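Single-structure report; data block below.
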Amino acid sequence: MTHLRPAARAPLGLPVWIYLPALIGGAFVIAPLAAMLATVQWSQFWELVTSESSVAALKLSLKTAAMSTLLCILFGVPMAAVLARSHFRGLSVLRSLILLPLVLPPVVGGIALLYTFGRKGLIGEQLEVLGIQIAFSTTAVVLAQTFVALPFLVVSLEGALRTAGTRYEAVASTLGARPTTVLRRVTLPLVLPGLVSGAVLAFARALGEFGATLTFAGSLQGVTRTLPLEIYLQRETDPDAAVALSLVLVVVAVVIVVAVRGRGSAGSL
């Protein structure tokens, strides 16, 4: 009896015309970056990015983005687990509400946070009685960044959970493992690449947050003025500094994208 070998996977053929719009789209993304590189005053670059206000903004951005990423992990992992593993009425509505910041204009999110945690807000008014003021503080920056970045981690991790399936979790449960043990020893290690990718994306989104931060936290140097806000202000007074600082964010973004893609490629092997 003759055994048929599976045919080798042939390369996918694409119509010739599709390369033209792809090339135009690629140029549309790359050309502005190239224009910015051509505009940078390289002889003054280090001086521009190490000014007192620039360094303060960069340090604040890194600190608040790291704190908001930790909050995203703390709340996002349970949220993603509930969305991926639960079945109850209204789940689709809940998912839509959780992912709403992905499409919501950031300034609208800032206004929503202001009316929640501001001095006259739903929760802020009660906190004000206790002497706790959140709006226009570093805490407000962290909350604004968490609000816009949280869905990125939830989407990434929920997708990883659905892809992983429930076979190994079912086996562990059959062997007598408790739900918390299954989550800690089976589920989380299984989807760790998705969790790392989601955390990196959340950090990147938090680092680049502008609208919600400006609306909810304001722009106080060393307190709430993150790097995107510093770039916006420098654009009016020192365009060269604004371009140099923008390049710093571009480099950080490129590193993050490469890291996420590398993680995704490694996870698919």
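All of the numbers you see were taken from the coordinates with simple rules; none came from a lab. Being a predicted model, the structure only gives us computed values, none of them experimental. In this analysis, Cβ positions are derived from the backbone assuming ideal geometry, glycine residues included, and neighbour counts consider all displayed protein chains.
Here each label is just a point 7 Å from Cα along the line to Cβ, and for residue 87 and residue 42 those points are 6.1 nm apart. With K and R counted +1 and D and E -1, the other residues having a Cβ less than 12 Å from that of residue 47 yield a net charge of -3.
Taking label points 7 Å from Cα along the Cα-to-Cβ direction, residue 53 and residue 94 give a separation of 4.6 nm. When +1 charges are put on Lys and Arg Cβ atoms and -1 charges on Asp and Glu Cβ atoms, the dipole computed for the chain relative to its Cα centre reaches about 1380 debye. For the listed peptides 60-68, 146-154, 30-38, a ranking on the average number of other beta carbons within 10 Å per residue, highest first, reads 146-154, 60-68, 30-38. At residue 236 and residue 180, where each label point lies 7 Å from the Cα along Cα→Cβ, what is the point-to-point distance in nanometres? It is 5.3 nm. Per residue, the chain reaches -23000 deg cm²/dmol at 222 nm when only DSSP H runs of four or more residues are counted, each adding -39500 (n - 2.57). Just 51, 156, 246 to compare: in a GNM of the chain, with alpha carbon springs under 10 Å, which one fluctuates most? Fluctuation is largest for 51.
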